[in-house]
Every structure is written in C-alpha cells, then in structure tokens.
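In what follows, a structure is listed as structure tokens, so that the remarks can point back to it.
The values are calculated or read from the model by the stated rules, or taken from the named source; none is laboratory data. Because the structure is predicted, anything quoted here is derived from the model rather than measured. When we count neighbours, we look across all protein chains shown, and the Cβ atoms used for this are built from the backbone with ideal geometry, even at glycine. Ligands, DNA and RNA are excluded from the accessible area calculation, which covers all protein heavy atoms including side chains. Shrake-Rupley method; radii C 1.70, N 1.55, O 1.52, S 1.80 Å.
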Amino acid sequence: MSRVEALRRPARLAPGARVAVVAPSGPIPEERLQAGLDVLRGWDLDPVVGRHVLDRHGEFRYLAGDDADRAADLQSAWCDPAVDAVICARGGYGVQRMVDLLDWEAMRAAGPKVFVGFSDITALHEAFAVRLGLVTLHGPMAAGIDFVKSARAQDHLKATLLAPDTVRTVRSDGTALVPGRARGVTLGGCLSLLAADLGTPHARPSARGGLLCLEDVGEETYRLDRYLTQLLRAGWLDGVSGLLLGSWAECEPYDGVRALLADRLGGLGVPVAEQFGFGHCADALTVPFGVAAELDADAGTLTLDEPALS
C-alpha cells in the first residue's frame, strides 16, 4: 500500500502579495469578512474577494451560494496569475457538494499557490494533495471569529505565510496521550470530514507513513467513536506513524473525549500528542499538511524538515 509522501511546497508570500478570499462552504457575515480583510491588509497583503463570497443559497441557508458559483470562485482565484494565495473565509458545510465541479487539470496548470483553511475545508486539503500534489496550510480562515479576535492565531499564520523559517517548530501546550517520537508527513484535518471522504476520488487511500492531525467540533462522543471506528475498520489508519490531536470544542467534557481517543487510538502503538492547539479553538496554530516532520509527543513539538513554504 502506498505511503503518504512529502508534497511540493508553494512559494512564501512577500509584502504586496495578492490574496483571494473565497467561500467554498458556509455563508459569511459581512462584518467578520471585513474584519478579516483588514487584518490581511495590516500584513501589507492585497486581499480580493470572490464574486460570490457573500452569497446565500436560495433554499439551503447553510450554503454560501450555489455549488457551481462557489466552485467557480475558487477556480477563478486559483487560475488567476495575479493571485499568490487563496484563503477560505470560513468552513461550515458545502465543500463535498462542489469539489467535483472543479477543473483540476486547469488548476494544476495554474501552478502552485498557497491554500489556507480548516474544518469543512479538510475535503479540499485532501483534494489538493491528491490532485495537485501541493502542501496546504491547516490554519485560521479570514472571516473566522477566532481569527479576527486572536493575536496568536494571526501572528502564527502571518509568520507561516511570510517568514516560514521562523516557525519550523510548531509548539503546543499539550501533553502526550501516548509518549514517544515519530517521523512522517503531515496530513489530516476535521475527523468527521476525513471519515466522510473515504472512498471518494479526492481522498488518499491510507494515512500510512503519515503524522495524522485530527480535531473536530460540536460532536457527541459516540459520534467521534463512530468516525474513528470507521477509519480503523477501513484500514485507513494502518501504518500511521503518529497522531496529533487538536481541539474538541463544543464536544462533551474532555475527560470523556480523552478516554475515547485513548481507547480507539492507543492500540495503534504509535506516539499520540493531545491538545496540540490547532482546529476549532481560540489562538489556533497553523499546521502545514504535506511536509516531512518529526513529532515529539512528550515535548509537544512538531519539527518540520523544511519550512512549510519555499
């Protein structure tokens, strides 16, 4: 079975770089979008927004406009030679409805760019890895409330985008659920989306050889159990090198979640770092996907072999 391989790194951003903000999933509050754009301008970047970024679907109010329009915004931004990076405005739900509408040949021809998002955007992280072979950034989104109100989240994303050499080591305040060190290539995202992505054309067949990052939000423990058990039964976790567990915001009290994580993941026999500080949490860290790295679960560190961006 194939192993997770290191991917091609896009170029880091420079002052004045044009950054497109798109909404592939849920609807965006305009005031939060404007606040996020102001943050990006404060970094001396040039943010532009997709044509449909503030749309609302006529029937399904949890979607930011029609599937075709959301896909068109992402593809247009990616294929625009003047755009250096694409940052999602927020998650929610909707990527799985639009990901098959993207012209991956055209996007591959457009060349490597920086891509940022998390939560529902997990399905796009997988697709960008499988279809484009590109490193992506699991990080805060432009209209996310935790981004616009968190100096740490802003500073860590800014450093990753503009000065990635300064964040070669991602440090958490967490501890080891299972102690030890492991090497591999980073991947992952939102647990429920990874489970939902199994068997689709844009998902990797296995996390073998990977340092798998997992987090989720608003899920009861039995649902987390279901997702983890699905990944285990499908063999997707066979051969994984190590795991980093992020936030479990709005789930049941962490003691119960922790017991489940230990029950489902402890038998893999690999290091597991918990409460690593990425995902649906205040002050979220940015973690690159597709980069070879070393996990030290005891120290709570992820050390990248090379900067996230070239």
Item to complete: Could you grab the pairs with beta carbons closer than 9 Å, sequence gap of 6+ or different chains, first residue in the stretch 124-147 and at pLDDT 95 or above and of a type in the set (Val, Ile, Thr), second one part of a loop (DSSP other than H, G, I, E, B) and open to solvent by less than 10 Å² (accessible area, probe 1.4 Å)?
Response: Val135/Pro10; Val135/Gly290; Val135/Val291; Val135/Ala308; Val135/Leu309; Thr136/Pro10; Thr136/Gly290
Worksheet item: Taking the stated definitions as given, is Glu219 among the acidic types (Asp, Glu) and under 20 Å from the mean Cα position of the chain (by Cα)?
Response: yes
Worksheet item: Quick one: is Asp225 more than 23 Å from Ile121 (Cβ to Cβ) and in contact with a Lys or Arg (Cβ under 9 Å, 6 or more places away or on another chain)?
Response: yes
Practice prompt. Could you run through the stretch 55-110 and say how many residues are open to solvent by less than 20 Å² (accessible area, probe 1.4 Å), within 19 Å of Val135 (Cβ to Cβ) and either in contact with a Pro (Cβ under 7 Å, 6 or more places away or on another chain) or part of a loop (DSSP other than H, G, I, E, B) (or both)?
Written response: 5
Discussion item. Suppose we filter the stretch 36-48 for residues that are outside any loop (DSSP other than H, G, I, E, B) and open to solvent by less than 70 Å² (accessible area, probe 1.4 Å); how many remain?
Written reply: 8
Worksheet, complete the sentence: Flagged in the stretch 1-35 as open to solvent by less than 70 Å² (accessible area, probe 1.4 Å) and not in a loop (DSSP other than H, G, I, E, B), in numbering order, are Val19, Ala20, Val21, Val22, Arg32, Leu33, Ala35
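Per-residue answers, yes or no, for (1) touching a Ser or Thr at 6+ places or on another chain (Cβ under 6 Å); (2) touching a residue at least 60 places away in the same chain (Cβ under 8 Å):
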position: Glu30; (1), (2): no, no
position: Gln75; (1), (2): no, no
position: Trp78; (1), (2): no, no
position: Val95; (1), (2): yes, yes
position: Val99; (1), (2): no, yes
Worksheet entry | Whichever residue in the stretch 159-184 is touching an Asp or Glu at 6+ places or on another chain (Cβ under 6 Å) and at pLDDT 95 or above and, among such residues, is nearest to Trp43 (Cα to Cα) | Arg183
Worksheet item: Here are Cys251, Cys213, Cys281: which of them is closer than 18 Å to Ser192 by Cα and modelled with pLDDT under 95?
Response: Cys281
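Any chance you could count how many residues in the stretch 50-69 are under 21 Å from the mean Cα position of the chain (by Cα) and in contact (Cβ under 8 Å) with a residue 40 or more places away in the chain?
Number of matching residues: 1.
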Practice prompt. Would you confirm whether any residue within the stretch 163-172 is of a type in the set (A, V, I, L, M, F, W, C) and part of a strand (DSSP E or B)?
Written response: yes
Worksheet entry | Selection from the stretch 258-310 of residues that are under 17 Å from Pro140 (Cα atoms) and of a type in the set (Asp, Glu) | Asp283
Item to complete: Within the stretch 124-171, track down each residue that is surrounded by fewer than 21 Cβ atoms within 10 Å (Cβ to Cβ) and small (Gly, Ala, Ser).
Response: Gly133, Ser150, Ala151, Ala159, Ala163
